[in-house]
Amino acid sequence: MQDDILINKIPHSLKNSKIYDVVVTDLKGNYAYVNETFKNRFSFITHEFVGKSSAITMHPDEKAKMEALVNKCFEHPFECFPVEIRKPLKDKKGYNWTQWESSVLSDENLQPIGILCVGFDITGPQHNNMKFKESQTKLTKTIEAIPHPLLILCEQSYIIYVNNEFENIFGYSPKEILGEKLEILFHKDKVKDYNKLFSQYIDDSAKKMRVNHFLNFVNKKDENVTVGISLNSFYDNDNLNVIVILEDLTVAKENQDTIVNQNNAFKKIAWKHSHELRKPVANILGLSNLLNIENLQSETNYKTISFLKEAANELDHITRGIVKYANESEYEIKFKKHKRNLY
């Protein structure tokens with residue numbers, strides 16, 4: 001009898017709606033009525049809804065939300081309350097998002113006897129919004145996985161985004177650096193040249209570009225940071241944005257400088273070997289041929305041995321000089337350790 005009262009209180013326009021799902025639950029949360037639109041949409045769950053718990057058509061996590069909604073309906077019996085809940089898909093591999101409005105159905109004595117719910121599918125916009133958030137999350141994680149400082153600039157070279165690795169290398173927090181011009185990172189002697197480089201990049205249609213030489217930037221402490229730069233761009237609402245990836249090459253540059261200095265030292269040592277050492281060696285070889293083995297007490301031997309001693313001393317002096325130069329030219333450098341956000 002009570003079910004008949006509930007059903008009679010539903011307007012015919014809702015009962016016969018081809019767009020809206022219309023259901024009525026009793027005070028225990030069991031279905032007392034569902035229209036044909038709802039029945040057809042969720043017939044894969046059951047062929048007979050009446051008498052069954054309304055929870056069979058909801059995501060398990062929606063139970064608390066629905067209990068709170070029902071309580072609100074009872075507290076305000078003359079109002080309607082909206083709610084978004086998930087309904088299962090036929091393949092059981094996900095859920096539809098549905099929008100509902102719920103209100104109390106009362107008898108002649110204004111006593112609540114059920115809850116009227118009218119809903120429709122909003123999977124499209126809700127699904128798209130969720131996909132957008134998922135894409136944002138993936139993009140953020142991808143950016144943060146880049147093991148180099150990454151910045152995004154507007155067309156006027158103001159910094160509008162930095163990743164975590166930027167703070168590790170340059171020392172600026174996002175709060176400190178956002179809104180600043182990129183030139184805050186330029187070495188003071190290079191501001192004009194580097195601004196020209198970025199302006200030229202913008203003028204040349206801002207295509208993908210790699211700067212193949214070392215650039216001197218500075219961190220928050222005004223310490224030199226040698227970088228290599230990769231540039232790319234994208235448009236957001238017709239506004240040009242420039243992606244700047246700064247590869248920290250400070251250690252690589254120090255290693256290169258070490259190799260260059262050592263190479264120069266080796267060249268000078270090789271020159272001394274081929275020019276300065278040749279003279280005393282040649283003298284020793286020549287003088288040794290003048291020694292009279294048969295007459296060791298000859299005057300010629302005395303003069304030859306004197307010249308040999310002089311050549312040997314000269315050779316010793318040059319050899320000591322080369323060893324000393326080689327030791328002084330050792331390029332011992334203590335490389336600075338940079339904190340990296342890689343592990």
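Once you put a point 7 Å from the Cα of N224 and another 7 Å from the Cα of I146, both along the Cβ direction, what distance in nm separates them?
Label-label distance for N224 and I146, simple model: 2.6 nm.
Going by the alpha-carbon gyration tensor, a ≥ b ≥ c the square roots of its eigenvalues, is the range 9-89 rounded (a/c under 1.5) or, if a/c is not under 1.5, prolate (a/b greater than b/c) versus oblate? Don't skip to the end; give the middle numbers.
Numbers: a/c = 1.65, a/b = 1.17, b/c = 1.42.
Oblate is the answer for the range 9-89, as a/c is 1.5 or above yet b/c matches or exceeds a/b.
What pairs in K175/K221; K18/K39; K28/K93; K63/K92 have C-alpha atoms more than 20 Å from each other?
Details: K175/K221 17 Å; K18/K39 11 Å; K28/K93 29 Å; K63/K92 18 Å.
Pairs exceeding the cut-off: K28/K93.
If L285, L89, L246 are ordered by their accessible area, calculated over protein heavy atoms with a 1.4 Å probe, which sequence runs from highest to lowest? Don't skip to the answer; put the middle values down first.
Numbers: L285 110, L89 50, L246 0 Å².
Greatest to least solvent exposure: L285, L89, L246.
Assuming R0 = 22 Å, can you tell me the calculated FRET efficiency for the pair E247 and S205, based on Cβ-Cβ distance, to the nearest 0.05? If you can, show how the numbers build up before the last one.
Values: r = 23 Å, r/R0 = 1.06.
Rounded to the nearest 0.05, the efficiency is 0.40.
Note down the nm distance, to one decimal, between modelled labels 7 Å out along Cα→Cβ at N16 and at A68.
Inter-label distance under the simple model: 3.9 nm.
Which of the lysines could a cross-linker bridge to K279, judged by Cα under 18 Å and excluding same-chain residues fewer than eight apart?
K268, K309
In nanometres, what is the gap between the two model label sites at H187 and K175, each 7 Å from Cα along Cα-to-Cβ?
Computed distance between label sites H187 and K175 equals 3.2 nm.
Could you calculate the contour length gain from L197 to K9, that is, 0.36 nm times the residue separation minus the distance between their Cα atoms, to one decimal place in nm?
Working: separation 188, 0.36 × 188 = 67.68 nm, distance 7.49 nm.
Net length gain for the segment: 60.2 nm.
Taking amide H atoms as placed 1.01 Å from N in the peptide plane, list the residues 5 or more away in sequence, or in a different chain, whose amide H sits under 5 Å from that of K190.
Hits under the 5 Å cutoff: none.
Under 5 Å between amide hydrogens, which residues at least 5 positions from N96 or on another chain qualify, with H placed 1.01 Å from N in the peptide plane?
Here K87, L89 satisfy the definition.
The values are calculated or read from the model by the stated rules, or taken from the named source; none is laboratory data. From a predicted model like this one, the values you see are computed outputs, not experimental measurements. Here the Cβ is made from the backbone with ideal geometry for all residues, glycine too, and neighbour counts use every protein chain on show. Remember, those area values only see protein heavy atoms, side chains included, never the ligands or the DNA or RNA. Shrake-Rupley method; radii C 1.70, N 1.55, O 1.52, S 1.80 Å.
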